[in-house]
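Encoded as structure tokens, the structure appears first; notes follow it.
The values are calculated or read from the model by the stated rules, or taken from the named source; none is laboratory data. Every value quoted in this text rests on a predicted model; they were computed, and no experiment measured them. As a convention, Cβ positions derive from the backbone with ideal geometry for all residues, glycine included, and neighbour counts pool all protein chains shown. Areas reflect the complete protein model, heavy atoms only, side chains present, ligands, DNA and RNA absent. Shrake-Rupley method; radii C 1.70, N 1.55, O 1.52, S 1.80 Å.
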Amino acid sequence: PYFSELMFSTRAWTHPNLGASYDLDSAQENWQPTLLPEEERLGLLTRSAFLSAHASSATSSPVRRGAFILQELLCEELPPLPDVDMEIPIESSETPTIRERLAVHSENSSCMACHDRIDNAGFAFENYGAMGEWRETWESGIPVDATGTLNQSDFSNAVDLLSQIGDSPQAQRCYAKKWFSYAIGRPLQAEEACDLHRIQTRFVQSGGNIQSLLIDISISDTFLYLPRREP
């Protein structure tokens, strides 16, 4: 298994109950392996599981989806700012889509720094509604605009963005760091930076080989010499 398979695979297990999300063959019965269209469903982050978990109950959420991309896929820190108004303007004739509403919200200088990056990443997933269903228009009927810029690279939609991130050493290093932290059951400490750097470097050099990553973690000093837990 390779990191690229998580980011680029179109293989999925689908069920008739997911028909509304994936436009499945009406004759499908029970769970079965399916190849989803590459232009819409590239990798795990275009699946309903991720998209619905990072959305509101009735609509998409560029902020939640964008924050996940930055924090969990690229390991960027997004510290919460104190005393910031989190309310987003309601839909109106002046703000008919979430893009306009977030643009108004970001006019506040204390919101702008974070939202400029979060929103851009999140807008890439606007072709997916609250349940991860594919859509061409927002609730207002206006055509979805899923374009944006991240790390000085333009993208046209989620598939385009994920294609760029999937080949990114930053994303691979972040993935290795997340696995390392999970394996030892806590955040990494400063004195473990050497182990982390070695594991990340080998993971990138391996082309994102996940099996090799787990072996490297399991033979690291940090993992082998975990402090004994008191009963």
Worksheet entry | F223 open to solvent by 50 Å² or more (accessible area, probe 1.4 Å) and of a type in the set (F, W, Y) | yes
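Regarding region 92-99, can at least one residue be identified that is open to solvent by less than 20 Å² (accessible area, probe 1.4 Å), out of contact with any helix residue (DSSP H, G or I) (no Cβ under 8 Å at 6 or more places or on another chain) and not acidic (D, E)?
Yes: region 92-99 contains one or more residues that are open to solvent by less than 20 Å² (accessible area, probe 1.4 Å), out of contact with any helix residue (DSSP H, G or I) (no Cβ under 8 Å at 6 or more places or on another chain) and not acidic (D, E).
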Worksheet item: Does S61 qualify as being of a type in the set (S, T, N, Q), modelled with pLDDT of 90 or more, closer than 28 Å to Q164 by Cβ and in contact with a His (Cβ under 8 Å, 6 or more places away or on another chain)?
Response: yes
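Mind checking which residues of region 34-82 are among the small types (G, A, S) and either within 9 Å of the chain's Cα centre (by Cα) or buried (at least 16 other Cβ atoms within 10 Å of the Cβ) (or both)?
Those that are among the small types (G, A, S) and either within 9 Å of the chain's Cα centre (by Cα) or buried (at least 16 other Cβ atoms within 10 Å of the Cβ) (or both): G43, S48, S52, A55, S60, S61, G66, A67.
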Worksheet item: Name the residues in region 3-33 that are within 17 Å of the chain's Cα centre (by Cα) and aromatic (F, W, Y), would you?
Response: F3, F8
Item to complete: Just name the residue that is farthest from L51 (Cα to Cα) out of those in region 24-33 that are loosely packed, with under 14 Cβ neighbours inside 10 Å, of a type outside the set (F, W, Y) and touching a residue at least 12 places away in the same chain (Cβ under 8 Å).
Response: E29
Item to complete: Might you let me know whether region 101-113 holds any residue that is buried (at least 18 other Cβ atoms within 10 Å of the Cβ), in contact with a Leu (Cβ under 6 Å, 6 or more places away or on another chain), at pLDDT 80 or above and not basic (K, R)?
Response: no
Worksheet item: So which residues in region 137-154 are under 19 Å from E100 (Cα atoms), among the polar types (S, T, N, Q) and surrounded by fewer than 15 Cβ atoms within 10 Å (Cβ to Cβ), if there are any at all?
Response: T137, S140, T149
Worksheet item: Which residue, of W134, W179, is modelled with pLDDT of 95 or more, open to solvent by 20 Å² or more (accessible area, probe 1.4 Å) and of a type in the set (F, W, Y)?
Response: W179
Item to complete: Could you pull out the residue among R173, R198 that is closer than 25 Å to F3 by Cα, touching an Asp or Glu at 6+ places or on another chain (Cβ under 9 Å), part of a helix (DSSP H, G or I) and open to solvent by 60 Å² or more (accessible area, probe 1.4 Å)?
Response: R198
